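Take a look at the structure below.
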Amino acid sequence: MLQWRWWADPIVAMRLFTGLLLAITLALHVHASEPLRGPDLDYLVDVDGQLTPAEVLAAEGWDSKDDAVPSFGFRDEVFWFRLALDNPDVVPSERLIEILYPMLDQVDLYLLRGDEIIGPWRTGDAAPFDQRPVAHRNLVVPIELGPGENLLLMRVETTGVMQMPIKVWMPLDFVQYDEIQSMVEGAYFGIMIVMILYNLFLFLSLREARYFYYVCHVGVSTLFLATMHGLANRYLWPDAIWWQERAVPTLVALSVVFICLFVTSFLGIKRDSKAGRWFQGLIAAASITTVLSLFVPYEVSLRVAGLLSIVSLASSLAVSIRGWVVGEPSARYLVFAWGAFVLGCIALALNKFGVLPSVPLTEQGMLIGSVVDVVLLSIALADRVREERALREQAQQHALAVEHAAREELEQAVDDRTRELNDAMVQLQAANEQLEQLSNVDGLTSVHNRRFFDNMLEEHWTASEQEDSDLSLILFDVDHFKQVNDIHGHLLGDECLKAIAGCIHEVMAPHDHVLARYGGEEFAAILPGVDGNRAAELAEAVRVAVAKLKIRFEDREISVKISAGVAGRKDRVDSAIQLVNWADHALYQAKETGRNRICRYG
């Protein structure tokens, strides 16, 4: 059997290539022209927003920040920024002013050359994209510097976060850098789209909800990153001003919904548990915020959505770590795969709230986390595929070995062929019977499994309809079984399930019945020829017998209780599926009315 090499797997390799592209992106951010330092960029707060460029030049009260990128959080005032630019040439020279935060609503640029004020050049995401001076994902404005000293004034007005990361480029340098940057970002988003489609295909094939939630989470996160990088405004909705102003809080709130759904599905968190109720509350709050973000002011919706994002991500990481600590095998993948993504999202949110400075790590944290998330989960998936492939290869090799041995034995003598063939057939039949039995038996409790139950229910239902005879179904569920596992451990929980299965079988032994493990702590009993009243009596006998059990394991002894729902074919039931539904409704009623009781449908 060939040894699996994760670096040779095409899906894993493609996602690792995504991580390499991210590393290149960060290197470009660090080593290319960095945003100007705070002291180089002075600012003035225009409270009323009525100052003219001439009044601003004469105004006092200019200040500067020591941060690499001046960031002021949410502010209602108009901000003016000034920047001294030097042209060492004796002739005018062109420069490109790039503002790396494309979410600013309106930016007006003025250039002071001598006593002349030139401008304004207007840009920002509050106007259609085709009205920008340069068609670029960021806010780029070309200006012409006169010889010697020049002064650049920028009037900034926005309803969101006030940040001013700015670069001054020579045109040729900008083109060379932007080509590489566009290629890297295009490759990143292209690969993310491919991975979305790939996982969507897995969902359509496996029909597991966690894959759907994962696809939605990655899709919304990718769309959010495209919006923050200005790509969505350029390529997806260049003229949708109304939506551009509401996209960020709406996508953040929607992301919270799918994050919570994915975490609860991935970790198997039950809705009625404490953690389940907490995440259901977050889902409800995020869903309401998603709708309200379309109508309430931008600052309010973004603050609420950002707070929900931080809370949901921190909660997701906490329950993942807790799941790993208590021994949930799938939780470790979520901790590693989501840890970086969670921290990156929190760093980005705190940066936009003005708590953390704007550096490549905070600005690109979510980008880094999304790549780590995709790469690690792909390796885990590839490892799972490898294990299944190895099991199939072992089965094939075993079958080939048996066939080869049989052929050698048959070639020894003609007289022995018939006997050996008969022996082989007997062994094969026994093996098939054993395999068939094993495929229909639950490995823990030794009663029938869900697959066998489904088949037998259809057979008994058909026979009952043809003969117009009674048929009843009982669904048992162990009360508070999760607490048994949490407090006493899974081994004692397994002993409980074994003991309960034996108890049910013993009580129902005098009657023709089919007993199966229906779910984790659920059992189902099919009773042909038994009406609903008698089935309820048997269920009550089982409940009493289970309540008397003393389950021992090592030095511990516990008791458990069960609830049950009963339904009969003659209780206005039209199909086997409806019989299961009515029994399930009755079980739910037993749970809701206090547990440790039997409820019959109707």
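The values are calculated or read from the model by the stated rules, or taken from the named source; none is laboratory data. What you see is a predicted model, and the numbers here were worked out from it, not measured in a lab. We place every Cβ from the backbone using ideal geometry, glycine too, and count neighbours over all the protein chains shown. Accessible surface areas use protein heavy atoms only, side chains included; no ligands, DNA or RNA. Shrake-Rupley method; radii C 1.70, N 1.55, O 1.52, S 1.80 Å.
Taking the criterion of being among the small types (Gly, Ala, Ser), part of a helix (DSSP H, G or I) and buried (at least 22 other Cβ atoms within 10 Å of the Cβ), would at least one residue in region 479-498 satisfy it? Even if it seems obvious, please write down each step before you answer.
Filtering region 479-498 for residues among the small types (Gly, Ala, Ser) gives 489, 493.
Restricting the remaining residues to those that are part of a helix (DSSP H, G or I) gives 493.
Subsequent filtering for residues that are buried (at least 22 other Cβ atoms within 10 Å of the Cβ) retains 493.
Yes, some residue in region 479-498 is among the small types (Gly, Ala, Ser), part of a helix (DSSP H, G or I) and buried (at least 22 other Cβ atoms within 10 Å of the Cβ).
Applying the selection to region 119-141, what residues are open to solvent by less than 40 Å² (accessible area, probe 1.4 Å) and assigned to a strand (DSSP E or B)?
Of everything in region 119-141, those that are open to solvent by less than 40 Å² (accessible area, probe 1.4 Å) and assigned to a strand (DSSP E or B) turn out to be Thr123, Leu139, Val140, Val141.
Just one of (1) closer than 21 Å to Phe452 by Cβ; (2) of a type in the set (Phe, Trp, Tyr); (3) surrounded by fewer than 22 Cβ atoms within 10 Å (Cβ to Cβ) trips up Phe523, so point out which.
Only one criterion is unmet by Phe523, namely (3).
Only one of Lys550, Lys591 is open to solvent by 30 Å² or more (accessible area, probe 1.4 Å), of a type outside the set (A, V, I, L, M, F, W, C) and more than 35 Å from the chain's Cα centre (by Cα). Can you tell me which? Steps first, please.
On the way: Lys591 fails: more than 35 Å from the chain's Cα centre (by Cα).
Of Lys550, Lys591, the one residue that is open to solvent by 30 Å² or more (accessible area, probe 1.4 Å), of a type outside the set (A, V, I, L, M, F, W, C) and more than 35 Å from the chain's Cα centre (by Cα) is Lys550.
Answer with yes or no whether Gly230 is in contact with a Pro (Cβ under 8 Å, 6 or more places away or on another chain) and open to solvent by less than 30 Å² (accessible area, probe 1.4 Å). Explain how you work it out, then say what you get.
Working: in contact with a Pro (Cβ under 8 Å, 6 or more places away or on another chain): yes; open to solvent by less than 30 Å² (accessible area, probe 1.4 Å): yes.
Considered against the rule, which asks whether it is in contact with a Pro (Cβ under 8 Å, 6 or more places away or on another chain) and open to solvent by less than 30 Å² (accessible area, probe 1.4 Å), Gly230 comes out as yes.
For region 303-322, how many residues are open to solvent by less than 10 Å² (accessible area, probe 1.4 Å) and farther than 16 Å from Phe74 by Cβ?
Total meeting the criteria: 4.
Return a yes/no flag: does region 35-42 have any residue that is modelled with pLDDT of 85 or more, within 19 Å of Trp169 (Cα to Cα) and loosely packed, with under 15 Cβ neighbours inside 10 Å.
For region 35-42, residues modelled with pLDDT of 85 or more, within 19 Å of Trp169 (Cα to Cα) and loosely packed, with under 15 Cβ neighbours inside 10 Å: absent.
What number goes with the only condition from (1) part of a strand (DSSP E or B); (2) open to solvent by 20 Å² or more (accessible area, probe 1.4 Å); (3) in contact with a Gly (Cβ under 6 Å, 6 or more places away or on another chain) that Glu557 does not pass?
Condition (3) is where Glu557 drops out.
Quick test of your reading of the structure: Leu225 fulfils all but one of (1) surrounded by fewer than 20 Cβ atoms within 10 Å (Cβ to Cβ); (2) at pLDDT below 85. Name the failing condition by number.
Failing condition for Leu225: (1).
If you go through region 165-177 one residue at a time, do you hit one that is touching a residue at least 60 places away in the same chain (Cβ under 8 Å), within 26 Å of Ile283 (Cβ to Cβ), out of contact with any Lys or Arg (no Cβ under 7 Å at 6 or more places or on another chain) and among the aliphatic types (A, V, I, L, M)?
Going through region 165-177, the residues touching a residue at least 60 places away in the same chain (Cβ under 8 Å) turn out to be 165-171, 173-174, 177.
Then drop every residue that is not within 26 Å of Ile283 (Cβ to Cβ), which leaves none.
No, that holds for no residue.
In region 178-189, is there at least one residue being open to solvent by less than 20 Å² (accessible area, probe 1.4 Å), in a helix (DSSP H, G or I) and farther than 27 Å from Glu98 by Cα? Steps first, please.
Kept after step one, since they are open to solvent by less than 20 Å² (accessible area, probe 1.4 Å), are these residues of region 178-189: 181, 184-185, 188.
Within this subset, residues satisfying the condition of being in a helix (DSSP H, G or I) are 181, 184-185, 188.
Restricting the remaining residues to those that are farther than 27 Å from Glu98 by Cα gives none.
No: zero hits.
Could you grab the pairs with beta carbons closer than 6 Å, sequence gap of 6+ or different chains, first residue in region 257-277 and under 16 Å from Phe481 (Cα atoms) and in contact (Cβ under 8 Å) with a residue 24 or more places away in the chain, second one of a type in the set (Gly, Ala, Ser) and part of a helix (DSSP H, G or I)?
Ile269/Ala275; Ile269/Gly276; Lys270/Gly276
Might you let me know whether region 247-261 holds any residue that is open to solvent by 20 Å² or more (accessible area, probe 1.4 Å) and farther than 30 Å from Asp125 by Cα?
Yes, region 247-261 contains at least one residue that is open to solvent by 20 Å² or more (accessible area, probe 1.4 Å) and farther than 30 Å from Asp125 by Cα.
Quick one: how many residues across region 76-118 are of a type in the set (A, V, I, L, M, F, W, C), touching a helix residue (DSSP H, G or I) at 6+ places or on another chain (Cβ under 9 Å) and not in a strand (DSSP E or B)? Let's see the steps before the verdict.
Pass one, region 76-118, residues of a type in the set (A, V, I, L, M, F, W, C): 78-81, 83-85, 90-91, 96-97, 99-100, 103-104, 107, 109, 111-112, 117-118.
Checking which are touching a helix residue (DSSP H, G or I) at 6+ places or on another chain (Cβ under 9 Å) leaves us with 80, 83-84, 96, 100, 103, 112, 117.
Still in the list and also not in a strand (DSSP E or B): 100, 103.
Number satisfying all stated conditions: 2.
Just to be sure, is Lys570 more than 22 Å from Thr593 (Cβ to Cβ) and free of Cβ contacts under 8 Å to residues at least 60 places away in the same chain?
Answer is no for this residue.
Could you say whether any residue in region 230-239 is more than 17 Å from Arg137 (Cβ to Cβ), part of a helix (DSSP H, G or I) and touching a residue at least 60 places away in the same chain (Cβ under 8 Å)?
Kept after step one, since they are more than 17 Å from Arg137 (Cβ to Cβ), are these residues of region 230-239: none.
No, that holds for no residue.
Checking Gly602 against (1) farther than 30 Å from Gly489 by Cβ; (2) touching a Lys or Arg at 6+ places or on another chain (Cβ under 8 Å); (3) open to solvent by less than 10 Å² (accessible area, probe 1.4 Å); (4) of a type in the set (Gly, Ala, Ser), which single condition isn't satisfied?
The number of the failed condition is (3).
When region 268-286 is examined, which residues are found to be in a helix (DSSP H, G or I), touching a helix residue (DSSP H, G or I) at 6+ places or on another chain (Cβ under 6 Å) and more than 12 Å from Ser312 (Cβ to Cβ)?
Result: Ala275, single match.
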